Amino acid sequence: MKIHKIFLFFIAVFALLFACWYFFPSEGVEVGGVKLRFPSYETALEDLRNGDSAVDVDSVLLAVQKSYEMVREQGDTLDFYKEYLTANPNRIHLPDNDYTFFDALFEELDTAAAAGRLIRIAHYGDSQLEMDRISSMLREMLQDRFGGSGPGMVPILKPMSSVSISQNTTGSLTRYALVADTLSRWSSTHRYGPLTRYALLTGEARFNFRRAENRYAQERVRGISKVSVLFGHNASGLKMSLKCDTLAVMTASVDSAIKGVGVVSWNLPTKVRGGSLTLNGTAEIYGIMLDGGPGVTVDNVAMRGCSGTIFSGIDSTSLRQSYEKTDTRLIILQFGGNAMPGISSRKAISIYMGKLEKQFSYFKGVAPWAKILFVGPADMSKSVNGSLVTWPLLPDLNDSLKVHCLQNGIAYWDTFNMMGGVGSMKQWVNHNPQLAGPDYIHFTTKGAAEVGSALAKSLLLYDDFRRLRLTLSDQAVREYMDSSYRSE
């Protein structure tokens, strides 16, 4: 074909596309029960006009980072904390603006290592937490300050892979889960344990683990020197044996039947690369704890498809005993994203809040000594008339979550605004490197690390402020902060 004919062909195609673009009805055309739409030129022009208003992810993340940094040249140290506690959008919002909210937790964390104590944090969330994303960064930064290592508690039957630990299991085990799937069953006893799932042992089973060696694993997660089994409702004669690297086999037996929750632990003389745990008998296995020395750890509990409204379906007695046995002192709930597709009105938001408030009461009942922190949903994009936009009611959901959490004595951290607010998810996906995936819902590993790091820094700043107050007159600090803090 001659060049001028090819040129005319392209001109004709462009003319046809422009005609469709210009004249196609903006509301679309119904064909056989399916609505067909064509991108409108008004939308394209609007995008061009508003191109400069798109969220600049690099600027947002830089601002988040700087919001956690104190520039000493700016003046008194108390001024920084006063500004942070009252106006910083990336802070953890506290009930009644009580800046001492986390003090008791940090006091325990501060003395844990010296006392030979390992304090646990339970981090529950939806699929944003899968593969130990977000939790891993929070764990690493807390362990850097307070001590501890290892990936924390994992289910003996792992539902999915993790960047923090490699594991596999064989033997006579049946999986039960609060959020059941094709591999799990619902339990009539509801004794799901702190990981919202357990395995029923009826015979012999072997649990093999190996520390993570991939590039996404944090440094301290590799330090495993303590292995524990959280179990319950066992028959007498439960036997366990542990073989790690070149160490001698260590054994334990539970001669009496236990109707509640029990723990068997082995403190290893050195950090190990991996090991094999053999169990023989009948028992409910709630989790395997792979820890390091004393300090703190974060247990990652990802619940795909969950909106955070079903925890009260766990037997409260067994969960309370589990939290007591494992010394759990902080419960983090990271939900809201899975509720969004079912929310089409403000009334639906109100109904969701009512369900969540029942969960808040439930957790306060099973762990009255623990603090509770709610991490709000990330921005999410959906296609509306061919354009990717933030889910219409997501900002309202985020605001409502914050208000209801604070009213119920729950701290709140705002992921949505930390990302940049409306329209930010689209830019996180377009960022180089990508910080979110092509579904415009989930973070990539790099994006999750940004969120986890920001959450950890926000939390640790309250410990920094606590430490500062210990060096000053408490009465003077209260008077200084109360001069405006309580009224804002």
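The values are calculated or read from the model by the stated rules, or taken from the named source; none is laboratory data. Quick caveat: nothing in here was measured; it's all calculated off a predicted structure. With ideal geometry, Cβ positions are generated from the backbone for all residues, glycine too; neighbour counts draw on all protein chains shown. These accessible areas exclude ligands, DNA and RNA; they are computed on the full protein's heavy atoms, side chains included. Shrake-Rupley method; radii C 1.70, N 1.55, O 1.52, S 1.80 Å.
Of everything in the range 260-269 that's open to solvent by 30 Å² or more (accessible area, probe 1.4 Å) and free of Cβ contacts under 8 Å to residues at least 60 places away in the same chain, which residue is farthest from residue 327 (Cα to Cα)? In this case the residue turns out to be 269.
For the range 148-188, enumerate the residues that are hydrophobic (A, V, I, L, M, F, W, C), closer than 20 Å to residue 284 by Cα and open to solvent by less than 50 Å² (accessible area, probe 1.4 Å). Across the range 148-188, the qualifying residues are 153, 154, 156, 157, 173, 177, 178, 179, 180. All of 384, 375, 389 fail the test of being free of Cβ contacts under 8 Å to residues at least 12 places away in the same chain and closer than 30 Å to residue 427 by Cα, apart from 384. Which ones in the range 99-113 are outside any helix (DSSP H, G or I) and hydrophobic (A, V, I, L, M, F, W, C)? Listed by number, the residues that qualify are 101, 102, 113.
Evaluation of residue 326 against the conditions (1) open to solvent by less than 10 Å² (accessible area, probe 1.4 Å); (2) under 22 Å from residue 174 (Cα atoms) shows that the sole unmet condition is (2).
Of everything in the range 76-98 that is assigned to a loop (DSSP other than H, G, I, E, B) and surrounded by fewer than 19 Cβ atoms within 10 Å (Cβ to Cβ), the residue that is farthest from the chain's Cα centre (by Cα) is 76. Only one of the listed residues (322, 383, 361) is outside any loop (DSSP other than H, G, I, E, B), in contact with a Pro (Cβ under 6 Å, 6 or more places away or on another chain) and of a type in the set (Gly, Ala, Ser). That residue is 322. If only residues of the range 233-259 that are open to solvent by less than 60 Å² (accessible area, probe 1.4 Å) and either of a type in the set (Asp, Glu) or under 33 Å from the mean Cα position of the chain (by Cα) (or both) are counted, the one that is farthest from residue 207 (Cα to Cα) is 258.
Within the range 406-459, the set of residues being of a type in the set (A, V, I, L, M), within 13 Å of residue 134 (Cβ to Cβ) and open to solvent by 30 Å² or more (accessible area, probe 1.4 Å) comprises just one member, 449. Of all residues in the range 270-283, those satisfying the criterion of being buried (at least 20 other Cβ atoms within 10 Å of the Cβ) and closer than 15 Å to residue 169 by Cα are 275, 277, 279. The residues of the range 386-405 that are among the polar types (S, T, N, Q) and assigned to a strand (DSSP E or B), listed by number, are 387, 390. Residue count for the range 214-244, restricted to those that are assigned to a loop (DSSP other than H, G, I, E, B), touching a Ser or Thr at 6+ places or on another chain (Cβ under 8 Å) and of a type outside the set (Gly, Ala, Ser): 2.
When the residues of the range 119-147 are filtered to those that are surrounded by 20 or more Cβ atoms within 10 Å (Cβ to Cβ) and of a type in the set (S, T, N, Q), which remaining residue is farthest from residue 446 (Cα to Cα)? For the range 119-147, the residue satisfying everything is 143.
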